[in-house]
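To keep things clear, I will list the structure first and then write my remarks on it.
The values are calculated or read from the model by the stated rules, or taken from the named source; none is laboratory data. A quick note: this is a predicted structure, and the numbers were derived from the prediction, not measured. Cβ placement follows ideal geometry from the backbone for every residue including glycine, while neighbour counts extend to all protein chains displayed. Please note that ligands, DNA and RNA were not included when accessible areas were found on the heavy atoms of the full protein model with its side chains. Shrake-Rupley method; radii C 1.70, N 1.55, O 1.52, S 1.80 Å.
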Protein chains: 2
Amino acid sequence: MSSVTCQISISLDGFVAGPNQSIDNPIGEGGMRLHQWAVKTASWREQQGLEGGERGADSEVIDEVFEGVGAYIMGRKMFGGGEGPWDETWTGWWGDDPPYHAPVFVLTHHAREPLSMQGGTTFTFVTDGIESALEQARTAAGDQDVAIAGGASAVRQYLRAGALDELYLHIVPITLGAGERLFEDVGDPSLEPVKVIASPAVTHVKYRVARRLSP
Amino acid sequence: MSSVTCQISISLDGFVAGPNQSIDNPIGEGGMRLHQWAVKTASWREQQGLEGGERGADSEVIDEVFEGVGAYIMGRKMFGGGEGPWDETWTGWWGDDPPYHAPVFVLTHHAREPLSMQGGTTFTFVTDGIESALEQARTAAGDQDVAIAGGASAVRQYLRAGALDELYLHIVPITLGAGERLFEDVGDPSLEPVKVIASPAVTHVKYRVARRLSP
């Protein structure tokens, strides 16, 4: 069976987003510092249709995390558009051609018709919980993996439910001091490091998560 | 000049000791889970005068962290004996022959005569602050390193003061949920990963700390 994965950048003090997230600053104050290692890479730039960038261990990690993903799941906050019933003019942060190029299932309490974007990305809005979203994403992914794209709350929910098979942390050598913690109220997951890639910018550690509960 | 170093085991959720520390449970509930990787190694056991144990990457890391240390600094809580004026029958957690075999400077608000233990460990009680303790430790260490032995509060103080040159984290794949955080109120240190050692049990990452302030 395909795996349920998550890859996410985390500060040394455990934050995956900075404080005071807003429309203008969706990953919070200082949050972009978590992603500087990624946006510098050639692989990231290629995905955005840009030239240049650095090749090396970090770029290879970027290639790796997008390989073999057949569907994504993300939280409402990561899709954006504010809280409450949908403003249907909001179609995500990513413009007409989002970087997913695959079905994306958005966890929300508010129903909305699916959205088809350019480049093969579709957003399907799931109102009946994380298990339903996972089931739909598995079906869409076929024998490919389902990636939990974020944010922190969505990852925490799947980790707590024992539904995550693999967690790939990019440990960024900064402290944010405040923001969204990844490992809060996630129970006591059993994690085993199975791969470590070191770069001058960041330490990538892939953990296999032992399944404690069936989702 | 010699370096000021620290090596410490930390959980994925950022704790270096569990909650509810006490005389019976000096590193807090669940805190021993942070150190299981170490106590299993042959190097650790040798230090305690025991035979057996596992050889491998983790054992080599244990050898490495004790090499070249000429003096230690630790907080009062790590030395133990409760709060307030000293009960002079308390000579630390480690018995007659503590595993330091070097001068140890204990940060405290309460004066006490130095203690000489077996095996070359001496405890000197420093009441005039972290800078004084560092100066005394540097003098004692000569051209060897000064290691901040812990606990969390002592490490945080030296990190915040910009006095730490090297921080070697042993990232243990567990969550403790509560306890003593290492990276809290430490400012915004500039850290650079300079060495990564992977084992099935733990990921060792050595960071060089850029000095922002002179102590």
| remark: A:ILE148 fails exactly one of (1) closer than 18 Å to A:LYS77 by Cα; (2) surrounded by fewer than 18 Cβ atoms within 10 Å (Cβ to Cβ); (3) away from chain B (no Cβ under 14 Å), namely (2)
| task | Find the strands (runs of 3 or more DSSP E) located wholly in segment A:136-215 whose residues include 1 or more that are in contact (Cβ under 8 Å) with a residue 12 or more places away in the chain and closer than 27 Å to A:GLY92 by Cα, and list them. | result | A:145-150, A:166-172
| Among the candidates A:VAL104, A:VAL61, residue that is over 30 Å from B:PHE15 (Cα atoms) and β-branched (Val, Ile, Thr) | A:VAL104
| task | Looking at (1) more than 17 Å from the chain's Cα centre (by Cα); (2) free of Cβ contacts under 8 Å to residues at least 40 places away in the same chain; (3) away from chain B (no Cβ under 14 Å), find the lone condition where A:THR124 falls short. | result | (1)
| task | Could you tell me whether segment A:89-98 includes any residue that is of a type outside the set (S, T, N, Q), part of a helix (DSSP H, G or I), open to solvent by 50 Å² or more (accessible area, probe 1.4 Å) and modelled with pLDDT of 95 or more? | result | no
| Among the residues of segment A:63-80, which ones are among the small types (Gly, Ala, Ser) and open to solvent by 20 Å² or more (accessible area, probe 1.4 Å)? | A:GLY68
| remark: Of the listed residues (A:ALA102, A:ALA111), the one being open to solvent by less than 30 Å² (accessible area, probe 1.4 Å) and more than 14 Å from chain B (Cβ to nearest Cβ) is A:ALA102
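Yes or no, residue by residue, for (1) of a type outside the set (Ser, Thr, Tyr); (2) within 13 Å of chain A (Cβ to nearest Cβ); (3) surrounded by fewer than 21 Cβ atoms within 10 Å (Cβ to Cβ):
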site: B:ILE130; (1), (2), (3): yes, no, yes
site: B:GLU135; (1), (2), (3): yes, no, yes
site: B:SER153; (1), (2), (3): no, no, yes
site: B:ALA161; (1), (2), (3): yes, no, yes
site: B:THR175; (1), (2), (3): no, yes, no
site: B:ILE197; (1), (2), (3): yes, yes, yes
site: B:PRO200; (1), (2), (3): yes, yes, yes
| note | Restricting segment B:45-62 to residues that are modelled with pLDDT under 95 and not basic (Lys, Arg), the one most open to solvent (accessible area, probe 1.4 Å) turns out to be B:GLU51
| request: Keeping to segment B:177-195, report how many residues are surrounded by fewer than 21 Cβ atoms within 10 Å (Cβ to Cβ), closer than 23 Å to B:GLU29 by Cα and in contact with a Ser or Thr (Cβ under 6 Å, 6 or more places away or on another chain). | output: 0
| field | Residues (more than 17 Å from the chain's Cα centre (by Cα), in a loop (DSSP other than H, G, I, E, B) and more than 17 Å from B:HIS204 (Cβ to Cβ)) located in segment B:26-47 | value | B:GLU29, B:GLY30
